[in-house]
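Engineer: My questions will all concern the structure given below.
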There are 2 protein chains.
Amino acid sequence: MKTRIHNIYKRLSEDVDGIIIMNSTKPHVDMTFYYVTGLIHGEYEGSAVLINPDGTAEILTSVLEEESACKSGLPVTAIKKSEEREECLKDMLKDIKKIGVNSSELTYSAYKKIKDSTDAEIVDVSDTISEARNVKDQEEIDRLKEAGDIASRVADKMPDVIEEGMKEYEVAAEISYMMKRRGATGDAFETISSSGRNTAEPHFTSSDRVIKSGDFVLLDFGAVYKRYRSDITRTFAVGGVTGKQERMYKTVLEAQEAALAMIEPGVDGKEVHNAAAEVIESSEFKGKFTHGLGHSIGLSVHDGSGLSPSVDIVLEPGMVFTVEPGVYLPGFGGVRIEDDIVVTEKGYELLTNASKKELRSI
Amino acid sequence: MKTRIHNIYKRLSEDVDGIIIMNSTKPHVDMTFYYVTGLIHGEYEGSAVLINPDGTAEILTSVLEEESACKSGLPVTAIKKSEEREECLKDMLKDIKKIGVNSSELTYSAYKKIKDSTDAEIVDVSDTISEARNVKDQEEIDRLKEAGDIASRVADKMPDVIEEGMKEYEVAAEISYMMKRRGATGDAFETISSSGRNTAEPHFTSSDRVIKSGDFVLLDFGAVYKRYRSDITRTFAVGGVTGKQERMYKTVLEAQEAALAMIEPGVDGKEVHNAAAEVIESSEFKGKFTHGLGHSIGLSVHDGSGLSPSVDIVLEPGMVFTVEPGVYLPGFGGVRIEDDIVVTEKGYELLTNASKKELRSI
C-alpha cells in the first residue's frame, strides 16, 4: 500500500510530517483506514493508522483485532485496556510537528483526542485524500469489476425472479441473497426495490406494496466485494409495455448513452452531466431529471466526488463513477438506468454489464 | 419525538439554546438524526436537524429528500443547490448564542461548517445524547423486540439449514435472506458465520471454508427493523458433540445465566460483566473470555455504552444490552452465546428468545 501513501503525499499542497487516520465507533469508521492498510476483514472501531511521508505506516488497534491487523504486514501496537489508548496515541505522535487529518471521515470527538495527544499543528488534508482515493489503482479496479459483475449477473436474472403478486421487499431479499450466493459479503447500500408510483421517488427503498400488472419495477442495488462496492439500476415493466413507458425508457437510455460518449480523460464532469440532461430537457420529459448524473464509487458508495452541475472535477484515468440518468413522473412512475464505469486512457470501460437495450416486460 | 428532545435537555449539565445534529456523507450519518425526527426511510446525507429546548425541531435537507423529511411532521427547509446550504445553515442558527453538538457522530468537517456559520459558543453535548439514547422508550423497545424476534426465529431454523459441505458464506447468505423474508430491511452488521478453528476468532466474519463434521459453527448476526438492530449468537456442533465441546458450551451458558441473574436497575454494569467472567475464570477455560460481556444496542449496533470492566454505567429501566460471554481456544474453536435484553423495573426482559439450553448437533 506504499504507492497509495505516496500518492496521497504527492498530491499535498502543504507538507506534513505524518497523517493520522482515526476511527470511532461504527458506522463512523474512516474508509481510508482500509485504503492505506489494504485490510479487508475486521471492524477496527477506535483504531488508528499513522501514515508517513516515506510510505511506511503503523497501526494502533485493540488486542481483539491484533491478529487481523497483522495481516496488513504493518507494525501493529495492540491496546489491552482502553486506558492505554491515550498513552499509545501520544507515543505514536511524539516526533511529529505538523500532522494531517481527514476531516470528512474523522469525528469531532476523535479530532479532540488527537489534539489532546500532541502539540503538533493539525492540518486538514481531506481534499487531498479524497482526490487520491478518486483515482483507483488496478487492485481496486479489479475488485470494483467483481462487485459490478456480481450485481450485473443478478440484474440479468431479475426478470425470471419477479412475478406479479410479490412484495417489493421480497424482491429486495432475493437480490441480496443472489448476490451473496455469488460471493458478495453484503449489500452496497439498502436496496431500492420500488414499484408502481413508488418508482417516481428516486430515494424510495422498499415497502410491502404488491407488484402488479402495469407497474414499473425499479431495482437499484449493489454488491460489496472485498470492501469495494457496485451500484446498478435496471427498470422493468410488468405485464406489457405501454407507449409512454417505452418513450420514458428510450429517453433515459439515450441520455445515458450521450453521457457515456463524453467520458474520457480531460473532460469536465459537469459536461458529462449536461450531455445527459440535454437529452432529457429536449424531450417530452423536460424538467423530470431531478438529480446529479452520478457519483464516485469505491470503498464507499458515495466516494467523495460526482458528475453533477455542482462538482468541479476533471476526469482522469482510474476514476470510477456511476452514470445514472432518470426521469420521474410523480403519480405515474420513474425510470432510471445506472451503470458503473472506470475512466481509461482513451475513454471508459463499463464495470457493470447487465442487459439494458430495451424495456423488458416481466 | 418531543419527549426524546426534552429527555436530552433534561440531562444537560450546562444550558444551551439549541443542539444541531449534522450528517455528512454515508456512512457518516448521525443516528441521532433518526432518533429526534422519528424518521425511518431516507439517507439524509448532508442534512441537519436543530432541536430546541422547548421540544420543537426543524430539518434542513436537500430537495431530493424533502418529501420523505416532511413525514416527520417537522418544519423542513429544502436546499435546491449546494451553494444555498451555507446560507440556510446561518439562517437556522442566527438567534443562538450557545449551541450543542454531538461530537461522537459529527465529522470534524461538519463541525467546521457549523463554526463558520455562527458566532455562538459551541458545546459538546455528546455524553448527554449518549445517555439519553441509552434509555429506550416504548416505541424503541417495540422495534428492538421485533428485530430480536426476526433474528431469533432465523436462529432457531439454522440447524435445519446448515449441512456438512456448505461454505461459511453460504450460511451467511441464508441467514440474511431468511431475515429479510421475515421483514428485516438489512443485516444489523456483517454476519459472523465461522466454523472449525475460525470460531476461535471472536471478530471473524466468514470465508469459503467448507463446514465439516467435528466443527463448531458460530453464527453471530442481527436484523434491522425500522432502523433498530438486534444481535444474537448461537453456536452449534457438526456431526455430534464431544465432551470438551459440551463442557465449553455449558460453561458459557452458565456464565450468561450468572450475568443475566445480576441485571436489575441500580446495578453497576461492571458487576454484570464480572459475574460472567467469574464463572469462566473458575472453570478449566480460565483466561479464555477475552472481550467485554456486552454493548448497548439500538439505532447503532454499538450504541454508546457497554457491560465491561472499562465502562462506568449504572443500569436503568429501558437500557438495552447484549449479553454475550464466550470462550475461545486458538486452534480448536470457540463458543459464544448472545442475547439482547432490556432492563425493566424489576429485572430484565429478553428481546431474543432462540433456543439455547444445550449444544445442538447438526
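Engineer: At 1.4 Å probe size, with no ligands or nucleic acids counted, give the accessible surface of B:F236 in Å², nearest ten.
Structural biologist: 10 Å²
Engineer: One decimal, nm, shortest first: give the distances between the label point of B:E246 and those of the same position in the other copies, each label point 7 Å from Cα along Cα→Cβ.
Structural biologist: 7.1
Engineer: Are there DSSP H segments in chain A that both extend 24 Å or more along their axis (alpha-carbon positions) and score a mean Kyte-Doolittle hydropathy of at least -1.0? List them, or say none.
Structural biologist: On the way: long enough: A:138-161 (34 Å, -0.80); A:243-262 (29 Å, -0.47).
Taking the DSSP H segments of chain A (at least 24 Å long, mean hydropathy at least -1.0), we get A:138-161, A:243-262.
Engineer: Heavy-atom accessible surface, probe 1.4 Å, ligands and DNA/RNA ignored: which residues of the range B:12-37 lose at least 40 Å² versus the isolated chain?
Structural biologist: B:K26, B:P27, B:H28
Engineer: Structure shown: which of A:K180/B:K180; A:K167/B:K356; A:K2/A:K145 lie over 25 Å apart, alpha-carbon to alpha-carbon? Don't skip to the end; give the middle numbers.
Structural biologist: Details: A:K180/B:K180 13 Å; A:K167/B:K356 33 Å; A:K2/A:K145 23 Å.
Check vs 25 Å cut-off fails for A:K167/B:K356.
Engineer: Still on this structure, I have one more. Distances in nm, one decimal, shortest first, from B:R181 to the same residue in every other copy, taking the label point 7 angstrom along Cα→Cβ.
Structural biologist: B:R181 label point versus its equivalents elsewhere: 1.1 nm.
Engineer: Quick one: ranking A:T3, A:T233 by accessible area, 1.4 Å probe, largest first, what do you get?
Structural biologist: Details: A:T3 100, A:T233 0 Å².
Result of the area sort, largest leading: A:T3, A:T233.
Engineer: How well do other chains shield peptide A:72-82, expressed as the mean number of their Cβ atoms within 10 Å of each residue Cβ? Present the calculation step by step, with values, prior to reporting the outcome.
Structural biologist: Values: counts 0, 0, 0, 0, 0, 0, 0, 0, 0, 2, 5.
The mean count of partner-chain Cβ atoms within 10 Å per residue comes to 1.
Engineer: On to the next question. Tell me the per residue accessible area of the range A:2-134 using a 1.4 Å probe; a whole number in Å² is fine.
Structural biologist: Values: 5700 Å² over 133 residues.
It amounts to 43 Å² per residue over the range A:2-134.
Engineer: Taking a probe of 1.4 angstrom, what is the accessible area of A:I122 in Å², to the nearest 10?
Structural biologist: 40 Å²
Engineer: Order B:E84, A:E174, A:E358, most accessible first, counting only protein heavy atoms with a 1.4 angstrom probe.
Structural biologist: Numbers: B:E84 65, A:E174 30, A:E358 120 Å².
If we order B:E84, A:E174, A:E358 from most to least accessible, we get A:E358, B:E84, A:E174.
Engineer: Here is a follow-up. Enter the buried accessible area of the B/A pair, total of both sides, probe 1.4 Å, in Å² rounded to the nearest 100.
Structural biologist: Accessible area lost upon association: around 4200 Å².
Engineer: To continue, here is another question. Can you tell me the accessible area per residue over the range B:138-350, all protein chains present, probe 1.4 angstrom, in square angstrom?
Structural biologist: Numbers: 7420 Å² over 213 residues.
Per-residue accessible area for the range B:138-350 comes out at 35 Å².
Engineer: Can you pull the one-decimal nm distance between simple spin-label points at B:E121 and A:D156, each 7 Å off the Cα toward Cβ?
Structural biologist: Distance between the two pseudo-spin positions: 6.4 nm.
Engineer: Got a sec? Charge dipole of the protein assembly as shown, +1 on Cβ for Lys and Arg, -1 for Asp and Glu; which of B:F289, A:L315, A:A78 is way out at the positive end?
Structural biologist: After comparing all options, I get B:F289.
Engineer: Just to confirm a number: summing +1 for Lys and Arg and -1 for Asp and Glu over residues other than B:E358 whose beta-carbon lies under 12 angstrom from that of B:E358, what do you get?
Structural biologist: Taking every other residue near B:E358 into account, the sum is +4.
Engineer: What does the charge dipole of chain B about its Cα centre add up to, to the nearest 20 debye, if the Cβ of each Lys and Arg holds +1 and the Cβ of each Asp and Glu holds -1? Numbers along the way, then the final one.
Structural biologist: Details: 44 positive and 63 negative charges, 151 e Å.
The calculated dipole for chain B is roughly 720 debye.
Engineer: Applying the Karplus parametrisation 6.51 cos²θ - 1.76 cosθ + 1.60 with θ = phi - 60° to the phi angles of the range B:217-226, what ³J(HN,Hα) value in whole Hz is obtained for each residue in order, glycine and proline being reported as x?
Structural biologist: 10, 10, 10, 10, 7, x, 10, 9, 10, 6
Engineer: Just to be sure I understand: with springs between alpha-carbon atoms less than 10 Å apart, which residue in A:Y228, A:Y35, A:Y108 has the highest mean-square fluctuation in the Gaussian network model of chain A?
Structural biologist: Of A:Y228, A:Y35, A:Y108, the Gaussian network model singles out A:Y108 as fluctuating most.
Engineer: Continuing with this model, one more query. Using only the Cα atoms of the range B:175-287, build the gyration tensor, take square roots of its eigenvalues as a ≥ b ≥ c, and label the shape rounded, prolate or oblate: rounded if a/c is under 1.5, else prolate if a/b is larger than b/c, else oblate.
Structural biologist: Oblate, since a/c reaches 1.5 and b/c is not below a/b.
Engineer: If you build a Gaussian network model of chain A, linking Cα atoms that sit under 10 Å apart, which residue out of A:K71, A:K136, A:K226 swings the most?
Structural biologist: Top of the fluctuation ranking is A:K71.
Engineer: What residues of the range A:102-131 lose no less than 50 Å² of accessible area with every protein chain in place versus their chain by itself (probe 1.4 Å, heavy atoms only)?
Structural biologist: Checking the loss per residue gives A:S103, A:Y108.
Engineer: Right, another one. Greater than 28 Å separation of Cα atoms is the criterion. Which listed pairs, B:K26/B:K115; A:K80/A:K112; A:K212/A:K270; A:K112/B:K286, meet it? Can you show the working numbers first?
Structural biologist: Details: B:K26/B:K115 22 Å; A:K80/A:K112 22 Å; A:K212/A:K270 38 Å; A:K112/B:K286 38 Å.
Distance filter (> 28 Å) returns A:K212/A:K270; A:K112/B:K286.
Engineer: Would you mind listing the distances between the B:G73 label point and the same position in each other copy? Use 7 Å along Cα-to-C-beta, nm, one decimal, shortest first.
Structural biologist: Sorted ascending, the copy-to-copy spacings read 5.8 nm.
Engineer: Take the solvent-accessible surface of the protein heavy atoms, probe 1.4 Å, and return the percent of it on chain A that carbon and sulfur atoms account for. Mind showing how you got there, number by number?
Structural biologist: Working: 6440 of 14000 Å².
The nonpolar share, carbon plus sulfur, comes to 46 percent.
Engineer: On to the next question. Quote the charge dipole size of the range A:243-362 about the Cα centre in Debye, to the nearest 20; the model charges only the Cβ of Lys and Arg (+1) and of Asp and Glu (-1). Each step should come with its number before you reach the end.
Structural biologist: Details: 11 positive and 19 negative charges, 130 e Å.
The calculated dipole for the range A:243-362 is roughly 620 debye.
The values are calculated or read from the model by the stated rules, or taken from the named source; none is laboratory data. Bear in mind the structure is a predicted one, so any value in this text is a computation, not a measurement. Every residue, glycine as well, gets a Cβ built from its backbone with ideal geometry; the counts of neighbours run over all protein chains shown. The protein model used for the area step is the full one, side chains on, heavy atoms only, and it has no ligands, DNA or RNA in it. Shrake-Rupley method; radii C 1.70, N 1.55, O 1.52, S 1.80 Å.
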